[in-house]
Structures are given as structure tokens and as C-alpha cells.
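The values are calculated or read from the model by the stated rules, or taken from the named source; none is laboratory data. Model, not experiment: these values are computed from the prediction. When we count neighbours, we look across all protein chains shown, and the Cβ atoms used for this are built from the backbone with ideal geometry, even at glycine. Surface areas here come from the heavy atoms of the whole protein model, side chains and all, with no ligands, DNA or RNA. Shrake-Rupley method; radii C 1.70, N 1.55, O 1.52, S 1.80 Å.
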Amino acid sequence: MTDSVSSLGAAKAAAATTAPPQLRGLNTAQLEAVEALDGPVLVLAGAGTGKTRVLTSRLVHLLATARAMPAQILAVTFTNKAANEMKHRVEHLLARPVEGWWLGTFHSIAARILRRHAELVGLRTNFTILDADDQIRLLKQILSAEDIDDKKWPARVMSAVIQRWKDRGLNPEQVTSGEAGELANGMALNIYRQYQERLRTLNAADFGDLLLLNLTLFKSNADLLAEYQSRFKYILVDEYQDTNVSQYLWLRLLAQAHRNICCVGDDDQSIYGWRGAEVGNILRFEQDFPGAKVVRLERNYRSTPRILAAASALIAHNRDRLGKTLWTEPKDGEHGEKLRLRASWDGEDEARFVGEEIEALQRKKESPAGMAILVRAGFQTREFEERLMTLGVPYRVVGGPRFYERQEIRDAMAYLRVVNQPDDDLAFERIVNLPRRGIGDTTMAAAHALARAKRLPLSTACRELVASDELKPAAKRALTGLLNDLDRWRGQLDATPHPELAEIVLEESGYIGMWRDSKAAEAPGRLDNLKELIPATAEFENLAGFLDHVSLVMEQATDAGVDVVSIMTLHAAKGLEFDTVFLPGWEEDLFPNRRALDESGAKALEEERRLAYVGLTRAKKRVIVSHVQHRRIHNAWIACLPSRFIGELPADEVEIDGVPGLVAADNDGGAPPDEAVMWRRRGERGQRRFGPDGRGALLIDGTAREIEGKPTGRFARGARVFHQKFGYGTVAAVDGDKLEIEFDKAGRKKVIDSFVQNATA
């Protein structure tokens with residue numbers, strides 16, 4: 001905390017009325033980051049250190065000092081929410097709106113550039129941006145045409161492979177046959193080529209194409225690249241640690257002329273390697289931009305000193321990091337609560353404990369909205385959901401179906417897409433017989449065959465079919481009627497306000513009527529959602545702008561102000577904060593995740609540790625970590641070892657809580673041996689060793705001592721119990737948590753008491 005005195009002095013100086021608004025209240029490091037305007041700058045912004053404030057203050061400072069006009073600044077973020085927040089903050093500080101600047105997500109900025117120069121990469125300016133669902137459907141068609149078994153090589157898997165290649169900046173010509181390997185029976189590269197060719201025929205691009213085609217555009221047109229390099233005098237990048245290779249290459253190209261690039265990020269919070277993020281991008285910033293200035297934001301404004309001490313000690317075990325230590329001023333001299341560590345018997349016991357803690361906090365008048373349960377894997381949420389439902393505690397699972405992902409909204413959007421862009425085959429195919437018009441599989445098979453043979457968009461092939469005698473009269477009438485409707489709606493695009501047109505399309509197509517006439521229980525809810533869609537379009541200048549918005553910036557909607565406990569994965573929690581954070585499931589194989597370690601080894605371990613760091617630093621007041629001794633995964637019980645991350649927490653910042661009160665001892669950050677893990681219990685040190693049956697003992701000073709288990713006394717001799725597998729029975733003998741039960745049908749069995757429940761025959 002050596003910077004505390006100087007930062008306080010700087011804060012007082014910056015708060016003086018003579019300082020411009022964008023510099024007031026900044027601490028020393030923040031001020032340094034804002035005022036370093038010339039040359040490459042890397043701002044290492046730890047969790048809760050005010051990075052958004054630094055970014056917005058820097059933007060305002062560039063404009064206020066006339067270093068650049070708005071159109072000369074490129075500011076890229078990863079989410080539309082972050083872009084909007086930055087825009088509002090900048091305009092608030094300037095007390096005026098800002099026009100003409102390039103502020104948005106990587107994909108939205110790339111799409112903006114691509115629409116200006118689409119012809120140079122074989123597209124037209126009204127190209128469609130396909131979402132994941134449409135990508136899968138297109139790949140299914142290609143796999144089917146190549147007679148590749150979709151069960152063995154699912155389209156979703158092939159889509160992930162292709163998108164990963166695109167994230168790395170590789171078009172089909174740049175992917176080696178060795179890298180493609182035996183994917184899809186050795187046809188992966190051919191499928192990638194066909195997929196790209198089909199996209200061009202459809203006048204479409206997917207998300208990966210937006211950056212990939214930008215790279216192609218710039219590398220193939222030196223004059224165009226020079227134009228954009230000259231245009232963007234200053235570049236600001238948020239969450240730089242999450243960039244993939246394509247984004248990295250795109251930024252490097254654009255920054256070469258002026259080299260005034262400022263990247264803000266935290267290498268300790270790089271947790272998206274599984275979706276293409278490369279932590280190496282931020283680690284080698286100084287190599288990529290020689291002479292770069294590095295500013296570390298280490299003063300945290302969110303968490304207590306104890307939470308920060310624990311998080312810093314944990315992340316210090318990572319080797320691939322640039323290094324920083326978070327600190328904060330104690331509030332009223334208090335360092336906050338110690339981290340609590342709870343060892344539970346199983347997942348149900350863990351969920352019961354968390355539920356009780358939430359109720360206890362509520363009795364202290366703490367809001368459920370300030371509480372979050374952050375899990376490593378999605379399957380963990382079930383037990384917490386069930387427990388909170390039982391207790392009547394309001395909650396929400398963050399990451400459920402979103403508005404624009406609902407079936408009825410996807411259908412409605414497909415109608416609007418095909419009106420806006422006639423060659424959008426995937427949208428056309430979705431709505432061609434929805435509601436049912438009598439346009440069956442035979443008709444569409446003929447249309448697809450003609451489209452492939454003549455390399456036509458599907459709707460154009462349909463027009464040729466209805467002009468011939470190839471179709472039966474009923475199918476011909478139905479298809480002609482739909483094509484005429486589409487032509488009529490397109491003719492209204494310029495003269496009719498787009499919200500009104502959207503309503504006309506959905507009514508005249510019969511789609512709203514289909515749900516209105518439906519007797520299904522979900523029909524009223526679907527109609528309400530469709531009604532909500534119409535006014536949503538009015539927030540945009542035209543229909544094309546609305547469709548781009550939905551494709552590019554669809555984000556998890558949250559109900560601000562709703563007083564509920566949040567349940568989510570650790571990945572979903574990044575960027576959020578809560579008073580109380582529960583971190584369950586800190587066990588080997590679950591966290592760190594065994595599959596990740598098997599696939600990527602030490603690299604994955606460091607990312608898993610960063611994920612633990614993110615979890616800890618979401619908390620403002622308190623953190624409660626828990627692990628279990630037994631967990632049921634995929635209907636099988638396993639014995640669990642505490643996560644090695646528990647052993648990396650500093651002992652003086654952790655309070656052992658509950659039964660059995662065991663916590664992994666400090667180690668060197670390496671994996672504990674499979675058969676042993678260091679433990680300490682109430683000041684004692686020892687080893688817990690597991691035998692083949694999963695039972696264990698604590699070895700202290702070479703002497704075996706029985707590990708405290710679940711509280712005994714749940715069942716007495718003669719008690720009637722029920723077992724999920726063996727049925728009803730009577731307890732014949734009790735030995736701690738081990739029971740001998742005479743089952744009515746299965747005979748005498750030895751079981752652990754947690755597997756049975758009180759029952760009456």
C-alpha cells in the first residue's frame with residue numbers, strides 16, 4: 001500500500017475546482033492512464049479499480065483537449081452494454097451529445113466497415129449476418145449433401161471448428177490439411193470451403209466473417225487500409241485480455257500509422273480461452289508495441305482488504321501474468337470479514353447450508369439482490385434452485401433463454417429478414433410453410449435442387465419453379481401467394497414506418513393468427529412476446545438497423561431492481577459485483593475442471609485459477625467458499641478432494657466453518673497427488689488418504705485418525721427407512737454414519753446414512 005499517501009494527495013489535487021471535470025477525483029494511477037495520450041499504452045486494470053472511469057475520462061480528455069475529433073477515435077468493447085455505458089458517461093461529462101465517433105463492439109464496428117466495402121469481398125451492402133441457429137442449419141444442409149453422418153459429426157461441432165478457425169484469422173486456404181485432420185471423415189476443409197461459398201451465394205456472413213473479411217479487405221487493399229489507419233488517430237480497447245487472434249490482428253493493422261493505441265485489460269481475468277480468447281495478446285503488448293507505457297491500476301474500490309488479500313495470494317500462483325497486487329483502504333480501520341470455508345457432506349447438504357446462510361442474511365435486512373451463488377458448472381445449479389424454491393427465497397438463473405432466442409421471436413425475425421434481404425435463404429426456408437400453406441418437403445426439395453444446380457438463392461429458384469409446370473397446382477398457388485406477399489411487403493419498405501410494416505407482415509402472413517387460434521397453453525405468452533417485438537423495432541432508424549442490432553448486440557436481459565438471489569456460472573459473473581458471494585463446489589476435477597486440464601494442461605490450470613480469482617473479486621463484503629466430501633455427478637456418487645485452490649488461500653484470511661472443519665493445507669500450487677492431499681484441522685497438519693472404496697483417514701504425525709464425518713445419530717436401531725435402490729427396510733445396526741439395514745426385499749445391506757431417509761412402511 002505504498003501508493004496510498006501519494007494517491008490521496010493526487011486525489012485531493014485532482015478534486016480541485018481548477019481541474020477539468022474528466023480529471024476530478026482520479027487517483028494517481030488513474031490520472032496517469034488518462035493523461036498518457038501519446039504512443040501505445042497498456043492499462044492493467046485490476047478488478048474493481050475503476051477501468052470504465054479511466055476509459056471514459058480518457059475519451060473525454062481527447063475531445064476536451066482537441067487532440068482528436070470524434071470521427072478520429074475508434075473505441076471498441078466486447079458488449080453493447082459496455083459501449084452504451086461508455087457513451088452515456090462521456091456525454092454526461094461533456095454535457096453534450098457526441099456525433100460521428102466510432103464506438104461499439106468489435107463485431108458492430110467490423111460490420112460497419114464491411115457494409116461500406118462489401119463488394120470488395122464478394123458481398124452486397126445489404127448482406128445478412130447469420131446467427132448461430134442459422135449457421136447450424138446451413139451446415140446441416142452441406143453435411144447432408146456430402147452424405148456425412150450428422151450423429152457422428154454434428155453440425156454444431158463443425159460450426160464450432162469453423163468458428164475457431166475464423167477466430168484465429170484463418171480462411172479455408174490458410175487451414176492446413178494436417179490441422180483439419182480426420183474431422184468429418186477428412187472432409188472438414190472441403191465443408192469449410194463449401195460453407196463459405198454458400199454464404200456468398202446467400203449474400204450472408206456469420207460473426208466470425210465480420211473480422212475475418214475485414215482482415216481480407218485490409219490485406220488486399222493497401223489504399224483502403226491506409227485510409228482507415230489515417231482516420232483513426234486514437235484507438236481505445238476495453239477488455240483487451242479477451243481478444244482473439246482475428247481481433248488482435250485487426251487492431252494491430254489499424255494502429256500502425258499513429259500507434260496511439262490504449263488497451264485496458266486484466267491478464268488475471270482472462271477466462272474465455274475456450275471461446276478463442278488469447279491471454280498472450282495482453283502479455284506480449286510491450287513486444288508488439290515497443291516503448292509502450294504500462295500503467296497498473298491496483299487500488300480497488302469494491303472489496304474489503306481481506307477479500308483482496310485472499311484473491312491476490314491465490315492468483316500469485318500463476319506464472320503467465322504481468323503482475324499486480326490489489327489493495328484498498330480499510331473502512332473505519334476494519335479489514336472486513338474473513339473468508340469462510342465450509343466443508344459439507346454432499347451437494348444437498350451444501351445447498352441446505354447456502355439456503356440457511358441466505359435466510360440468516362435476510363433476517364439481518366440484507367437484500368437478496370446483493371447475493372450471488374457462482375458455480376463452475378451448470379449442473380450445480382439444480383440443487384440450489386430446489387433448495388431456494390423450498391425455502392421460498394426468490395431467485396433467478398442468469399443465462400436462461402433470452403427474448404430474441406425464443407421460438408416465436410425467431411420466426412417473426414425470419415419474416416422481417418426475408419423482407420429486408422430477398423436472398424436470405426435460411427430465413428426464407430424457416431417461414432416458407434409457417435403457418436402451414438401446403439408447401440411441403442417435395443416442393444422444397446425441388447427448389448433446393450434447382451438452387452444448387454444453377455447456384456441461385458432459394459427464393460429465386462422458387463420463382464423459376466412457379467413459372468414452370470414442375471409443381472402441383474396447390475403447391476404452385478401457395479408458393480406464388482407467398483412470393484407475391486413478400487414482393488408487396490418489400491414495396492412498402494420505403495413508404496411505411498418499419499414498426500407498422502412489421503405488424504402488417506406478421507398479421508398478413510397469418511403468423512400472429514396461428515398463435516391466436518392455437519389452443520396450446522403457451523400460446524398467450526407467445527402472443528405477448530410478439531406484441532412486445534413490434535415497439536422494439538421503433539427504437540431504430542429503419543428495419544435494417546433493427547435487424548443488425550438483434551444480430552450483433554443481443555445480450556442477457558436483466559430486470560433491474562428485482563430483489564432476487566442470482567445463480568450463475570463463474571464465467572457469466574465477470575463484470576458483476578455483489579455484497580455476498582457463495583462459491584460452492586471447490587473440489588478437484590470440478591474446479592479446476594478435469595476435462596480442461598486433460599485437454600490443455602498447465603495453460604488450462606492457470607485459466608481455472610483466474611476463474612477462481614474472478615469469483616473472489618465479485619464480492620464486496622463477504623465470500624463463502626464450500627466443498628463437499630461426496631458429490632453425485634451423472635447419477636454416480638464420487639468421493640471428492642478439496643480443490644487445490646483452497647490450499648492456495650492464505651490461512652490467516654480464512655475461517656474454517658461447519659463440519660467436518662477440514663481445510664486443505666498450503667502447498668506450492670501444484671496438483672495434489674491422486675491418493676493424498678495435505679490437510680490441517682484446528683491447528684494440526686496431516687494427510688487425508690483415500691482407499692479404492694473412497695473411504696479415508698486423516699494421518700497426523702504418522703498416526704491414523706478417523707475423519708469426522710456427517711453428524712451421527714440420524715437413525716437408531718429399529719428405525720424404518722427408505723433407500724432409492726433397495727426400498728424399505730429396518731435399521732439393524734448403527735456405526736457412526738454407517739448403517740446395517742435389513743431391507744424388506746433386498747436383504748441385509750451396509751449403507752451410508754445419507755443415502756436413506758426416514759420412512760413408514
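For Met389, Met86, write out the residues from largest to smallest accessible area, computed with a 1.4 angstrom probe and no ligands counted.
The residues order as Met389, Met86, largest area first.
Given contacts defined as C-alpha pairs under 8 Å and at least six residues apart, what's the relative contact order of region 291-446, whole-number percent?
14 percent
Considering Cα pairs under 8 angstrom that are at least six residues apart, work out the relative contact order of region 439-523 and quote it in whole percent.
Computed over region 439-523, the figure is 18 percent.
Label Ala445 and Val294 with points 7 Å out from Cα along Cα→Cβ: what is the distance between them in nm?
Each label point lies 7 Å from its Cα, and together they span 6.4 nm.
Extension gain Val157-Thr460, at 0.36 nm per residue separation less the Cα-Cα distance, in nm?
Answer, rounded to one decimal: 106.0 nm.
Roughly how much of Thr480 is accessible, in Å² to the nearest 10, using a 1.4 Å probe?
50 Å²
How fast does region 205-356 diffuse by Stokes-Einstein, in µm²/s, taking the Kirkwood radius from C-alpha pairs at 10 °C and 1.306 mPa s?
The calculation lands on 84 µm²/s.
Ordering Leu55, Leu31 by accessible area with a probe of 1.4 Å, largest first, what comes out?
Leu31, Leu55
If each residue of separation counts as 0.36 nm, what is the full-extension length gain between Ala746 and Ser144 once their alpha-carbon separation is subtracted?
That works out to 211.6 nm of additional length.
Quote to one decimal, in nm, the extra length available between Gln724 and Asn542 on full extension: 0.36 nm per residue of separation minus the C-alpha distance between them.
Roughly 59.6 nm would be gained on extension.
Using label points projected 7 Å from each Cα along Cα→Cβ, tell me how many nm separate Ala222 and Glu599, to one decimal.
The modelled label-to-label distance comes out at 4.1 nm.
What share of the DSSP beta bridges in the chain is antiparallel, in percent to the nearest 5?
The antiparallel fraction comes to roughly 45 percent.
As I understand it, the dipole of region 243-380 uses +1 on the Cβ of Lys and Arg and -1 on the Cβ of Asp and Glu, about the Cα centre. Which of Ala292, Ala257, Ser344 lies farthest toward its positive end?
Looking along the dipole axis, the top candidate is Ala257.
Would you calculate the separation in nanometres between label points at Lys531 and Lys365, each defined as 7 Å from the Cα along the Cα-to-beta-carbon direction?
4.0 nm
Tell me the accessible surface of His107 in square angstrom (1.4 angstrom probe, heavy atoms of protein chains only), to the nearest ten.
Looks like 50 Å² after rounding.
Using a Förster distance of 22 angstrom, determine the FRET efficiency expected from the C-beta separation of Ala19 and His335, and round it to 0.05.
The pair Ala19/His335 has a calculated efficiency of 0.10.
Could you pull out every one of the lysines with an alpha carbon less than 26 Å from that of Lys749, ignoring same-chain neighbours closer than 8 positions?
Cross-link targets: Lys710, Lys725, Lys738.
Please report the relative contact order for the chain, taking Cα pairs under 8 Å with a sequence separation of at least 6, and give it as a percent rounded to a whole number.
13 percent
Net charge near Val565, counting Lys/Arg +1 and Asp/Glu -1 over other residues with Cβ under 12 Å of its Cβ?
Here the charged neighbours net out to -4.
At a 1.4 Å probe, what is the % contribution of carbon and sulfur to the accessible area of the chain?
49 percent
Largest first, how would Lys331, Lys233, Lys152 line up by accessible area (1.4 Å probe)?
Lys331, Lys152, Lys233
Helix-only mean residue ellipticity at 222 nm, the chain, DSSP H runs n ≥ 4 weighted -39,500 (n - 2.57), per residue, nearest 500. What is it?
Taken over the chain, the calculation gives -13000 deg cm²/dmol.
Can you give the FRET efficiency for Glu500 and Arg116, using 1/(1 + (r/R0)^6), R0 = 30 Å, r = Cβ-Cβ distance, to the nearest 0.05?
Efficiency, rounded to the nearest 0.05: 0.55.
Given Lys293/Lys620; Lys293/Lys331; Lys87/Lys364; Lys365/Lys620; Lys81/Lys140; Lys293/Lys324, which pairs have Cα atoms separated by over 27 Å?
Lys293/Lys620; Lys293/Lys331; Lys87/Lys364; Lys81/Lys140, as the Cα separations exceed 27 Å there.
With all protein chains present, calculate the accessible area of Arg112 using a 1.4 Å probe and round the result to the nearest 10 Å².
Per-residue accessible area (Arg112): approximately 90 Å².
How far is the Cα center of region 382-450 from the Cα center of region 294-344, in Å?
44 Å
To make sure I understand the rule: partners must be aspartates and glutamates, Cα under 12 Å from the Cα of Lys476, and not fewer than 8 residues away in the same chain. Which ones qualify?
Glu464
Determine, for each peptide in 127-136, 237-246, 332-341, the mean count of other beta carbons within 10 angstrom over its residues, then list the peptides with the highest first.
In descending order of packing, they fall as 237-246, 127-136, 332-341.
Which whole-number value in Å² is the accessible area per residue of region 427-532, probe 1.4 Å?
54 Å²
Once the Cβ-Cβ distance between Glu182 and Thr125 is put in as r, and R0 is 51 Å, what FRET efficiency do you end up with, to the nearest 0.05?
Efficiency, from the Cβ-Cβ distance: 0.80.
Between the alpha-carbon centers of region 161-188 and region 27-100, tell me the distance in whole angstrom.
First find each Cα centre; the distance between them is then 38 Å.
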